[in-house]
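Read-outs throughout are calculated quantities, based only on the coordinates presented, and are distinct from any laboratory measurement. Everything quoted here is computed from the prediction, not taken from an experiment. Here Cβ is always computed from backbone atoms with ideal geometry, including for glycine, and neighbour counts include all displayed protein chains.
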Amino acid sequence: MKKYIILLLLPLLFSCSDDDSSGEIRIKESGSLYHRKGDNGKYENSFFATVTNTTEAPVMGYVRFEIKEYGMFNSDTLEVTNKQGFQKTFFLSLETEKPIDKSYLLNAEFVRE
């Protein structure tokens with residue numbers, strides 16, 4: 001009988017974590033700021049993602065941008081505070097042979113560190 005009780009309680013043990021489940025970290029907005037031609041003939045393309053944190057604690061992390069035809073790129077790591085209404089914007093600058101805009105931004109996701 002003890003084996004069955006342990007088996008029933010085991011999922012509860014693994015479901016508990018130290019993550020803040022009372023809130024969330026999400027990307028509120030993402031897109032492209034500009035693409036301009038540099039002196040070297042290549043285009044400088046800038047992307048952004050604005051993150052909000054409604055958890056109980058500040059969180060460190062970065063945004064992983066997925067750009068069509070170019071792959072995955074990470075922003076700098078920053079702290080997203082948990083103050084009411086506070087947002088943190090992450091940026092990515094990418095140099096390419098052709099101009100790319102928001103249509104090339106396939107995905108942006110926040111990754112905790």
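Restricting region 58-100 to residues that are exposed (fewer than 12 other Cβ atoms within 10 Å of the Cβ) and among the acidic types (Asp, Glu) leaves a set whose member that is farthest from Glu29 (Cα to Cα) is Glu97.
Does any residue of region 85-99 turn out to be part of a loop (DSSP other than H, G, I, E, B) and under 12 Å from the mean Cα position of the chain (by Cα)? The answer is no, given that none of the residues of region 85-99 is part of a loop (DSSP other than H, G, I, E, B) and under 12 Å from the mean Cα position of the chain (by Cα).
Condition check for Glu44 on (1) surrounded by fewer than 14 Cβ atoms within 10 Å (Cβ to Cβ); (2) in contact (Cβ under 8 Å) with a residue 24 or more places away in the chain; (3) more than 17 Å from the chain's Cα centre (by Cα); (4) assigned to a strand (DSSP E or B): one failure, at (1).
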